[in-house]
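Visitor: My questions will all concern the structure given below.
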Amino acid sequence: MNNRRLALSSLLIVLALVAAACGDDDTATTTTAATTTTAPGTTAATTTLPPEVEVAFDLGVTLDPCSDAVNEGNGCIYLGVISDLTDGPFAPLGVPLTQAQEDFWATVNANGGIDGFDVVITAENTIDAHYDAAQTAEGAVALSDRVLALAQLLGTPQTLGALPTLIEGDIVAAGATWFSGWAFSDVDGGLIMESGAPYCLEAMNGMSFLFNQRGAFTWALVRFPGDYGGDYGAGALLAAAQLGLDDPVADILQIPVSFGGDIAPTVATLLTAAPDVVVFVTGPTEMAGIAGALAQNGSTPQILGAGPTWNVALKGNEALMGLLELTYVGTSPWSGWDTESDGHAALRAAAEAAGRSASGAYIAGWTWQYPLLTLLTEAIASGDLTRANVAELAAELEGVDYQGMLPERSYVGEANDHIVRSTVINKADAASSDGLSPLTDAFVSEIAADFDLAAPCFVG
C-alpha cells in the first residue's frame, strides 16, 4: 500500500468525461509499459512501479487503444456517465458536470495516461436520464457490460435505484450527490465514492453560520421530495433545534418545475408565513423563481441555499442578480472558481483550453474524479483491473489527493472516521467568475464537528 501511495503522489493529473463503452467478458491479462502522469504545471517524476506491469482485466478495459487515442501504445479504460443533460431540473448543472469530467480525463491522457492506459468517456456510454430514477436504473443496466466504472451518477434517488445493478456487477461510481447514506457500506455496498461534506452536515454549517451572523431568526424550508431535500432538511432541522430556534414556520415540498411543479403555492405560503430566512433545497430554477416572485410582492427574506440551488447563469439576469447579492448565502463542499489551489489552477487551465465557462458545477464534476484517479492507479499497481478487484479496493481506499481542493480523503472505517465535515459559505457576487464569492474558508460548526453520524440523516 505504501509503495502504491508513493507512486500515486507522483501521478496527480486531470481527467475527462462523456461516457465509455467496450469491454471483454473474459478475464484477460496484459503487459503494459509503465508510464507516469503528473499534475499540470509539473515535470514528470520517476514512478516506483516496475518498468512493465501485468494487469488482469475484464469488462470495460481493452488492450486496444481508445478511439481517437492520445497515446497509441496504451490500452483503454472505459467509464460511463448517467446524468441530466437536456430537460430535467438539474440539466443546467449536469452539462458542465459532464464537461468537467471529460476535460479531467483528457488532461490525464495528455499527460501519458495512467501506467499504460488511457481513460475515456465516450458518447455511447453517456446517458441522459433526465433526473429520472427509472431511466437512471435502465441506464445502469445498459452500461453494465460496457464500462469499468461510472464517472458520474447524478441524483440520490436515482443512484439508489441503480444500486442493485452496481452491486450485482461490482461497478464503482462517483456519485453526483452528497447524501449522507453514502458513508455507509450497508447502504451503497462500498461502491459510491463520495467527495465533500454530506448534505446534512452542510446544512448544519449553513444554519450555524447564519445564527452566528444574525442571532435568532424565524425560518421556512422549501425542498424537493426525496433524499436531497430530506437529507439537507434533516440537517437544517437538527441544527435549528440545537441553536434554540423554533420549528420552521413552513416546511414545503416543492416539485421540480421540469416535472410539472408550480412555484405559485410556495410563494403564497411564504408571503403569509413571512420568515426571516428561507432555506432552499431545490434546483436553481425554483430558488430564483420563488425569490423573484417574493421580491415582486415586497418580501426579501434571507436565503440559505444548498449547493445545487446555484447556477452561474443567474448572473445573466441583472435585476435578479442584484436581489440575490442582497439575500443569497449558499453552502458548498469546496471553494469557488477563483480559488488559488493546484486543483483549481488545473481545472481553470483545462476549462480554458476546452473553451468552457466558469461554473460551480464544473468544479464539482472535476473534483469528483480524484477518487477514481486514485482508485484506478491503485488497481493497476495491484496488477488487477477486474471490476471485482476495483470494487474491493474502493471500499478501503486511502490517500485520495484532491490537489488542495479538499483535504486528503480516506474511505476506511466507520462513517465518523472518514466523513468530511467542512463547508464553504458563499454569497452571490456578480463580479466573481462563477457568481459566488466566499464568506468563509472551510468552515466546521460546533454542531457539525460534534455530530455522531451513526446512520443516514434521512431515510425515506
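The values are calculated or read from the model by the stated rules, or taken from the named source; none is laboratory data. What you are looking at is a predicted structure, and each value in this text was computed from that prediction instead of being measured. Cβ sites come from the backbone with ideal geometry, for glycine too, and all protein chains shown count toward neighbours. To get the accessible areas, we keep the full protein, side chains included, count just its heavy atoms, and leave off ligands, DNA and RNA. Shrake-Rupley method; radii C 1.70, N 1.55, O 1.52, S 1.80 Å.
Visitor: Please state the shape class of segment 317-408: rounded when a/c is under 1.5, otherwise prolate if a/b exceeds b/c and oblate if not, all from the C-alpha gyration tensor.
Guide: Prolate is the answer for segment 317-408, as a/c is 1.5 or above and a/b outweighs b/c.
Visitor: Moving to a separate point now. Using the Karplus curve 6.51 cos²θ - 1.76 cosθ + 1.60 with θ = phi - 60°, work out ³J(HN,Hα) for each residue of segment 355-372 in order, rounded to whole Hz, and write x for Gly and Pro.
Guide: Those phi angles translate into x, 8, 8, 4, 6, x, 5, 4, 4, 4, x, 5, 4, 5, 8, 4, x, 5 Hz.
Visitor: Given an 8 Å cut-off on Cα distances and at least 6 residues of separation, report the relative contact order of the chain as a percent.
Guide: 18
Visitor: Residue farthest toward the positive end of the dipole of the chain, with Cβ of Lys/Arg at +1 and Asp/Glu at -1: which of Ala293, Pro157, Gly139?
Guide: Ala293
Visitor: Please give the helix 156-169 orientation as an angle from the longest Cα principal axis of the chain, in degrees from 0 to 90, rounded to the nearest 10.
Guide: It is inclined by approximately 20 degrees.
Visitor: For segment 345-360 and segment 143-211, what is the separation of their C-alpha centers, rounded to whole Å?
Guide: 25
Visitor: Over segment 96-165, what is the relative contact order in whole percent, taking alpha-carbon pairs under 8 Å and six or more residues apart?
Guide: Taking the mean separation of contacting Cα pairs over the length of segment 96-165, I get 29 percent.
Visitor: Given a 1.4 angstrom probe, what's the average accessible area per residue across the chain, in square angstrom?
Guide: Here the residues of the chain average 36 Å² of exposed surface.
Visitor: Given H placed 1.01 Å from N in the peptide plane, which residues other than close sequence neighbours of Val172 have an amide H under 5 Å from its amide H?
Guide: Residues meeting the criterion, in which the H sits 1.01 Å from N, are Leu150.
Visitor: Tell me the volume per residue, in Å³, of the convex hull enclosing the alpha carbons of the chain.
Guide: 120
Visitor: Could you tell me the distance between the Cα centroids of segment 60-82 and segment 366-383, to the nearest Å?
Guide: About 15 Å separates the Cα centre of segment 60-82 from the one of segment 366-383.
Visitor: Roll a 1.4 Å probe over the protein heavy atoms and report the accessible area of Leu245 in Å², nearest 10.
Guide: Around 20 Å² of this residue is reachable by solvent.
Visitor: Over all alpha-carbon pairs of segment 305-460, lay out the pair-distance distribution in 10 Å bins, whole %, shortest bin first.
Guide: 10, 31, 33, 20, 5, 1
Visitor: When the accessible area of the chain is computed with all protein chains present and a 1.4 Å probe, what percentage of it is carbon and sulfur?
Guide: 50
Visitor: If you don't mind, another one. Is the shape of segment 218-271 rounded, prolate or oblate, going by the alpha carbon gyration tensor and its root eigenvalues a ≥ b ≥ c, with a/c under 1.5 for rounded and a/b larger than b/c for prolate?
Guide: Oblate is the answer for segment 218-271, as a/c is 1.5 or above yet b/c matches or exceeds a/b.
Visitor: Measuring from centroid to centroid over Cα atoms, what is the spacing of segment 423-444 and segment 213-232 in Å?
Guide: Going from one Cα centre to the other spans 19 Å.
Visitor: For all pairs of alpha-carbon atoms in segment 48-205, what percent lies in each bin of width 10 Å, listed from the first bin to the last filled one?
Guide: All Cα pairs, binned at 10 Å, distribute as 11, 37, 34, 15, 3 percent.
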